[in-house]
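Below is one structure; the comments refer to it alone.
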Amino acid sequence: MSKLTDEEIKEINELYRLLITNSPRCKEDEEKALVDKAFRIAFDAHKDMRRRSGEPYIIHPLLVARIVSEDIGLGVKSIISALLHDVVEDTEITLEEIEHTFGPKIAYIIDGLTKTKEIEKNSIIPDLIGEVSEEVRSKQLDNFKKMLLTLSDDVRVIFIKLADRLHNMRTLSSMPRDKQLKIASETIYLYAPLAHRLGLYSIKTELEDLSLRYRNPEIYNDLQQKREEAVKQQDEYIKNFIDPISKKLKDNHIEFEISSRFKSVYSIWNKIQNKKVSFDQIYDIFAIRIIFAPSADISEKTQCWNIYSIISDLYMPMPERLRDHITKPKSNGYEALHITVMGPQGRWIEVQIRTKRMDEIAERGLASHFKYKNDNQQESELDKWLRDIREMLKNPDSNALEFIEEFKLNLFSSEIQVFDRSGKLVTLPKGSTVLDFAYYIHSKNGNTAMGAKVNHKLVPINHVLSSGDHVEIINSDKNRVQREWLDFIVTARAKSAIKNVMKAENRNRLEKGKKMLESAFKQWGQSLNSKSLRTILEEFRMSNKEELYSKIGSEIILLDDIHKIFKKESSNKWMKYWKLTIGRATGISLGSSDKPHPPVKKSNKFSKDNPFILTENIEDNTRSYIIAPCCTPLPGEEVIGFLNVRDEVIIHKSKCPNAVKLLASQSNKIVPTRWTTHKILSFPGKIHIKGIDRLGIYNDIISTISKDLNINIRSINMSSNNGIFEGEIELYVHSINDINKLTVTINKIKGVDFVKRVENIEQ
């Protein structure tokens, strides 16, 4: 490895100087000395290492430490941990040496950031189509689980990991395309929601934008350009809107800052996807933010409402869009007053009102939350969330994927507030049911729930709750936990409690079934060995003995039926012996037992140089792959292949949410793919058309599709209203090129305002 140049050393020293200078919580000489020692150790450990981009490796921990300090606002221990976060994993330095030099707390944090080397054997990964693969080791999920386990004791591990992920995303351009997709998918699947849940708005926004940039570069670049143009166009309008407000606030002697905030690229894209609208149809692309310094003698809440009064005197408010996050802060600690008013030119504008304290919490989340928390303060929503996570972490039996899925359920952003019987307010994720509420109160309350009274009306346990509901659970000790409950609950607490009950019941069935089978074999005077078990498993088409014991214990499989198998086998022993003996002597094949076994199908070794070819068979009209029904990709689109348990390749669009999930959780199952030309097989496609109605326009569209482009029409659903026509046409196409050519051609027809492809992507 090449030595550091003078310019590189100069850059490293400057980055370190900025780290020390700009760290608000690193001011004491003793603290600076500890940080300096950590930097020297990290520098020496990484001095011969470079990143894929070619830059010295030490720059990475330096910039991670700056994010931890400047963007998140953490202190000296976190800065030291960030500087040393890779030394145990990538160098000869041990955790014991770290503990000896910096103490057990920093060693604990670094251990939480260090990837696992031993992987759990029971990490069972479900396949996309609902099957379960054999015992597959998932490093990604196990590493993430290990990191989150430290949440029980020190949340700083999560903050540093998010800073590490943010810098990795900022430098992702140097990675190959397959690595970019994998890392970007992990980011949008786990890290961005986690940052949001911890209240790190700016980090969450940047992670989302960077993920979109690498997953869908064309979409990102297009929206980024449109956003920049919109920002320029709105400058004058925003100034005209703000000026009267600024004057009024100054007249009332309020110290304030007022600015505009534009939607991020990812937020714009997300709204386009969810609302099925175009960029031009997004009207809340920006909002106004007022941050003020509150007076000490008046409550912050009162002062926020005073500013609301000032604004409502200037512009007419929309009452139904009022959002009071001060009286009831969001679960990530967010506080603000959001109002929507009618601005100039009849446009609705959102105005966010917050104090400087509220603004710091909004930008830095949980980190600043602790800064403002006092000893007498009641348990916050963040404290409650962390408590829920810690309860979930206590379940030692969950595999890595199950753990992550349950954790993600706790990253909810949309919430409801309901009241229990005593009038206590309970916050739950949107979509929560009566049963979710029951388990929130207590696991026993959930296990015995048989119904509820919601607003004094009797409802079933799967009834979906709404904000403001008054809930009273009806219990019965005779009620039993049902597997079907998992189909409608949404909270991790409820899911974990139900699974724990089912696991306990299953263990009891296993033990009971095993004893019953052993006792039966003794009674029959036969030996229960591995051969006997294999015979039973083959007969009942089961994969393992645990399943067998469970079904015996629950009396799904009867002992009499098992006894019949061995009676039949015993009676056939003489016939088998005769066949084998006679066959050997005469050379005559008797029955199918002499036929060779078919070869076991083995998975191919795939690589970037040897991708799986996505082909069509002209002779029998088949293809070498399976199309995922969740996104139905077309030949020519960027796709990702996954191997299922039958070694079949399932292809997804790279932007499909399921592909993102699989990339984040099962990268070992990724298969590089390459399209060939498709001319024989047809694939379903759909386009959306809108425009000005005129006589004969439907005929022109159909004629263009069928005659000019030679594309088969599957169905047409068009309608006209007050001179505007709109509708969808389903087609049979050979590739994405057919769709692209079609949209360009139809767009030229007189009266057509726009035409676009309708993608089938399940969110």
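Taken together, the values in this text are just the output of simple stated rules run on the coordinates, not laboratory data. Computed from a predicted structure; not experimentally measured. With ideal geometry, Cβ positions are generated from the backbone for all residues, glycine too; neighbour counts draw on all protein chains shown.
Could you give the dipole magnitude of segment 271-323 about its Cα centre, charging the beta-carbon of Lys and Arg +1 and that of Asp and Glu -1, in debye to the nearest 20?
Dipole about the Cα centre, nearest 20: 340 debye.
Projecting the Cα atoms of Ile238, Thr340, Ile272 onto the dipole axis of segment 233-372, where Lys and Arg carry +1 and Asp and Glu carry -1 at the beta carbon, places Ile272 farthest toward the positive end.
The gain in end-to-end length when the Ser422 to Ser53 segment is fully stretched comes to 126.8 nm, 0.36 nm per residue minus the alpha carbon separation.
Between Glu11 and Ala296, full extension at 0.36 nm per residue minus the direct alpha carbon distance yields a gain of 98.1 nm. Between Asn544 and Lys3, the C-beta separation translates, for a Förster distance of 60 Å, into a calculated FRET efficiency of about 0.60. Mind jotting down the distance between the C-alpha centroids of segment 441-462 and segment 527-547, whole Å? Between the Cα centre of segment 527-547 and that of segment 441-462, the gap is 42 Å. Exposure proxy for Asp235, Asp222: other Cβ atoms within 10 Å of each Cβ, ordered fewest to most, give Asp235, Asp222. Model label points for Asp753 and Glu255, set 7 angstrom from Cα along the Cα-to-Cβ axis, are 5.1 nm apart.
Note on Tyr334, Tyr439, Tyr283: ascending count of other Cβ atoms within 10 Å places them as Tyr283, Tyr334, Tyr439, the fewest first. Given R₀ = 35 Å, FRET efficiency for Ser466-Val155 by Cβ-Cβ distance, to 0.05? According to the calculation, E is roughly 0.65. Going from the fewest other Cβ atoms within 10 Å to the most, the residues Glu730, Glu360 appear in the order Glu730, Glu360. Which of the three applies to segment 16-63, rounded, prolate or oblate, going by the alpha-carbon gyration tensor with a ≥ b ≥ c and a/c under 1.5 meaning rounded? Here segment 16-63 falls in the oblate category. Comparing Cα centroids, segment 205-265 and segment 1-51 end up 35 angstrom apart. Each peptide in 691-701, 635-645 receives the mean, over its residues, of other Cβ atoms within 10 Å, and ordering these scores from highest gives 635-645, 691-701. Using the Cβ-Cβ distance between Asp29 and Asp284 with R0 set to 51 Å, the FRET efficiency works out to roughly 0.55.
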